[in-house]
Amino acid sequence: MSLCHLNGQYLPLAEARVSPLDRGFLFGDGAYEVIPVYSRHPFRLAEHLTRLESTLAALRLPNPHSAAEWSEIIGKIIAGNAWDDQSVYLQITRGADAVRKHAFPPASVPPTVFLMTEPLPSPTPAQLENGVGAVSAEDDRWLHCELKTVALLANCLLRQRALDAGCAETILFRDGVLTEGAASNIFVVKNGLLLAPPKNHLILPGITYDVILELAAAHAVPHEVRNISEAEARAADELWMSSSTKEVLPITTLDGQPVGTGRPGALARRMHALYQDFKNTVMRRG
Ligand code: PDD
């Protein structure tokens, strides 16, 4: 039975209850984070909390906790569960008013704060060996994709298209330009050059995205951050997806066509090795 946190209480997940009037339930009105934990050390907690702060500020939702308080709550959740490597889920909604109204509730209504954790699902050896498939779709989400809000219906519909096609991810293009995946960032490799779309309102500023670009810089991997056209993405030698739970995964088919040779590329293998090394030498030590 896993231990969760709900509004200051620590309790078994199966016993946690929120009101059906909660604005997270009624309106998708809330912010979230997914924080990977390696050997019980939350990875880049400060960066996750900074991104949370940006989302909360844009949602005009006061942050209910200081960084020190978040760190303490997250520490208790990690300690209270069985796994060394975990994926901590944190969500804050605008709370439950007495009525369903679009207008924000009075300031006296407290936010709902919920945290849970799951074992961290590392990519399987087969996924790393063969890569994963992707489909593509027009990015029809709203124009604030930089915010990590719980209103994820568009992302769920887009991700499900991939799953229905036996693939792992849906790569999104907006007006002929690559944005990201339904729940990941996307990288392109062409002629040994690593390309990443710029951080703007069209993509989530991924924490893993930052790690990959930092590793590229530290290990002299040629890289560029710029807009990538759909044509460039379709002609790529390699495509990768990245997220806190997927790390860095090669995409070897797009819409049923091979990406490059149709096998994980040399740079994907190198980045995977760099990432694993970084994880085991830095992330696991906290
Ligand atoms: N999703 N883009 C989107 C739309 C995402 O949902 C995610 C992560 C990312 C990668 O961000 P990061 O590297 O910080 O995990 C990019 C998480 C894992 C989720 O919703 O479960």
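The values are calculated or read from the model by the stated rules, or taken from the named source; none is laboratory data. These numbers were taken from a predicted model, which means no experiment stands behind them. Methodologically, a virtual Cβ is constructed for each residue, glycine included, from the backbone with ideal geometry; neighbour enumeration extends over all protein chains shown.
Please list, ordered by first then second residue, the pairs with beta carbon atoms under 6 Å, 6 or more apart or interchain, first in region 191-206 and touching a residue at least 24 places away in the same chain (Cβ under 8 Å), second β-branched (Val, Ile, Thr) and away from the ligand (no atom under 12 Å from the Cβ).
Between residues of region 191-206 that are touching a residue at least 24 places away in the same chain (Cβ under 8 Å) and residues that are β-branched (Val, Ile, Thr) and away from the ligand (no atom under 12 Å from the Cβ), the close pairs are LEU194/VAL221; LEU195/VAL188; LEU195/ILE228; ALA196/VAL225; PRO197/ILE228; PRO198/VAL225.
In region 163-193, how many are within 13 Å of ASP139 (Cα to Cα) and either away from the ligand (no atom under 16 Å from the Cβ) or modelled with pLDDT under 95 (or both)?
Qualifying residue count for the region: 2.
Restricting attention to region 3-38, and to residues there that are under 28 Å from ARG284 (Cβ atoms) and in contact with a Gly (Cβ under 8 Å, 6 or more places away or on another chain), which single residue is surrounded by the fewest Cβ atoms within 10 Å (Cβ to Cβ)?
TYR10
List the number of the failed condition for ARG159; all other conditions in (1) within 11 Å of the ligand (Cβ to nearest atom); (2) of a type in the set (Lys, Arg); (3) touching a Pro at 6+ places or on another chain (Cβ under 7 Å) hold.
ARG159 satisfies every listed condition except (3).
Are there any strands (runs of 3 or more DSSP E) wholly within region 180-273 with 2 or more residues that are within 20 Å of THR124 (Cα to Cα), and if so which?
Numbers: elements: 185-190, 193-196, 223-225, 238-243, 247-254.
Ranges flagged: 185-190, 238-243, 247-254.
Select from region 45-64 the residues that are closer than 29 Å to PHE278 by Cβ and surrounded by fewer than 18 Cβ atoms within 10 Å (Cβ to Cβ) and write down the one among them that is nearest to the chain's Cα centre (by Cα).
Here the answer is GLU47.
Hey, could you check region 125-156 for residues that are within 17 Å of SER243 (Cα to Cα) and in a strand (DSSP E or B) and say which is nearest to the ligand (Cβ to nearest atom)?
Here the answer is THR149.
Pairs under 6 Å by beta carbon, first residue farther than 27 Å from ILE78 by Cα in region 88-109, partner hydroxyl-bearing (Ser, Thr, Tyr) and modelled with pLDDT of 95 or more, six or more apart or different chains?
ALA96/SER19
Is it true that VAL177 is under 25 Å from GLU47 (Cβ atoms), of a type outside the set (Lys, Arg) and in contact with a strand residue (DSSP E or B) (Cβ under 7 Å, 6 or more places away or on another chain)? Steps first, answer last, please.
Numbers: under 25 Å from GLU47 (Cβ atoms): no; of a type outside the set (Lys, Arg): yes; in contact with a strand residue (DSSP E or B) (Cβ under 7 Å, 6 or more places away or on another chain): yes.
Answer is no for this residue.
Would you pick out the residues in region 215-236 that are touching a helix residue (DSSP H, G or I) at 6+ places or on another chain (Cβ under 9 Å) and more than 19 Å from GLY176 (Cα to Cα)?
To start, the set of residues in region 215-236 that are touching a helix residue (DSSP H, G or I) at 6+ places or on another chain (Cβ under 9 Å) comprises 215-216, 218-219, 221-223, 225.
Across region 215-236, the qualifying residues are LEU215, ALA216, ALA218, HIS219, VAL221, PRO222, HIS223.
If the Cβ limit is 6 Å and pairs must be 6+ apart or interchain, which residue in region 28-48 that is under 28 Å from PHE104 (Cα atoms) and within 13 Å of the ligand (Cβ to nearest atom) pairs with which residue that is at pLDDT below 95 and hydrophobic (A, V, I, L, M, F, W, C)?
none
What tally of residues in region 196-241 results from selecting those that are away from the ligand (no atom under 13 Å from the Cβ), buried (at least 16 other Cβ atoms within 10 Å of the Cβ) and over 15 Å from PHE173 (Cα atoms)?
Selection size over region 196-241: 6.
Could you figure out which of (1) touching a strand residue (DSSP E or B) at 6+ places or on another chain (Cβ under 7 Å); (2) under 28 Å from CYS145 (Cβ atoms) isn't true of HIS65?
For HIS65, the failing item is (1).
What tally of residues in region 68-114 results from selecting those that are closer than 30 Å to SER39 by Cα and either hydroxyl-bearing (Ser, Thr, Tyr) or surrounded by 11 or more Cβ atoms within 10 Å (Cβ to Cβ) (or both)?
Residues of region 68-114 that are closer than 30 Å to SER39 by Cα, as a first pass: 68-93, 112-114.
After this cut, where a residue has to be either hydroxyl-bearing (Ser, Thr, Tyr) or surrounded by 11 or more Cβ atoms within 10 Å (Cβ to Cβ) (or both) as well, the list is 69-78, 80-81, 83-93, 112-114.
Of the residues in that region, 26 qualify.
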